[in-house]
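See structure below.
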Amino acid sequence: MGPIDEILQPGITETVVTTLSIDGKPNAAPMGIVRQNDSLYIRMFPGSNTFRNVSGTGKLVINIVDDPVVFVCSAFRDLDESYYVPQPGMPPLITGVYAWVYCEARVEGTVRLTPVKSEIVRRRVPRFSRGFAAVIDAAVTGTRLKFLGEEGKKKIREDAVLVEKCGTPADKEAMRRLKEILDI
Ligand SMILES: Cc1cc2nc3c(=O)[nH]c(=O)nc-3n(C[C@H](O)[C@H](O)[C@H](O)COP(=O)(O)O)c2cc1C
């Protein structure tokens, strides 16, 4: 079946999920993949394009990517067409993907995932960065800003300080775009 155990370890893995609408339009959005014992699922809030597409098609692809700009842009806007790599019979991959898992998905409270096919495409040296973690966390906060209000904005400003201190140029660019999108 493939290297799922390496790709999706226990806990929550932050990924970018691709789906197709019923009429074939691609969509990408960051989603946390929960692995708990033998189950794989997403706690997906209804109302997103991803939720609508999964409800309609029952399919999604989990993309393991590390480009902070892809996380930020796909969270708030349509990803540029050039980021999609079309695949026969399944939703597209994201350019630069390290690994992917094509899943059947059933909406049963959470979105329950059954892996169908997976691949590790390329590898890199692990590098832990507080800058990258801060951008991802700020993006999560950004998608919840309507519930979090001023407190959320304050947290994003704190994350921005960490990104300035520890981040790569890509982390800084992603944070700049996030602040622009959220008008912070
Ligand atoms: C790192 C990250 C993880 C996220 N994880 C989830 C998640 O597990 N479930 C969810 O419903 N939304 C999650 N979101 C929020 C969605 O990505 C967001 O609602 C997005 O606008 C949905 O896009 P779509 O309408 O194109 O599907 C996450 C956002 C980020 C930045």
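Below is a table of values for the structure above.
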{"read-out": "Chymotrypsin sites (Phe, Trp or Tyr not before Pro) restricted to the range 115-166 and DSSP loop, no more than 14 other C-beta within 10 Å", "value": "Phe128"}
{"read-out": "Spatially proximal lysines relative to Lys59 (Cα-Cα < 23 Å; intrachain offsets below 8 disregarded)", "value": "Lys25, Lys117"}
{"read-out": "In Hz, Karplus ³J(HN,Hα) per residue of the range 133-144 (6.51, -1.76, 1.60; θ = phi - 60°; x = Gly, Pro)", "value": "4, 5, 5, 4, 5, 5, 5, 4, 4, x, 6, 10"}
{"read-out": "Top positive-direction residue, dipole computed over the chain with Cβ charges, set Ile7, Met31, Val17", "value": "Met31"}
{"read-out": "Globularity index of the chain, i.e. its alpha-carbon radius of gyration over 2.2 N^0.38 Å", "value": "1.01"}
{"read-out": "The chain, helix-only ellipticity at 222 nm - DSSP H runs n ≥ 4, -39,500 (n - 2.57), divided by all residues, nearest 500", "value": "-12000 deg cm²/dmol"}
{"read-out": "Charge dipole (debye, nearest 20) of the chain; +1 at Cβ of Lys and Arg, -1 at Cβ of Asp and Glu", "value": "200"}
{"read-out": "q = 0.14 Å⁻¹, the range 130-182: log10 I(q)/I(0) [Debye, one scatterer per Cα]", "value": "-0.28"}
{"read-out": "Stretch gain in nm, segment Asp23-Gln87, where the contour uses 0.36 nm per residue and the Cα spacing is subtracted", "value": "21.5 nm"}
{"read-out": "Sequence-distant residues sharing a close amide H with Leu60 (under 5 Å, placed H)", "value": "Cys103, Ala105"}
{"read-out": "Anisotropy class of the range 29-128 from Cα gyration tensor, a/c 1.5 cut", "value": "rounded"}
{"read-out": "Estimated FRET transfer efficiency (Arg127, Glu180; beta-carbon r; R0 25 Å; 0.05)", "value": "0.40"}
{"read-out": "Hits among lysines - C-alpha to C-alpha of Lys165 under 25 Å, sequence gap 8 or more where chains match", "value": "Lys153, Lys154, Lys155, Lys179"}
{"read-out": "Rel. contact order, % - alpha carbon contacts under 8 angstrom, at least six apart, the chain", "value": "20"}
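Read-outs: derived from the displayed coordinates by stated rules, not from any lab. Small disclaimer: the values here were computed from a predicted structure and weren't measured. Using ideal geometry, Cβ is built from the backbone for each residue, glycine included, and neighbour counts are taken over all protein chains shown.
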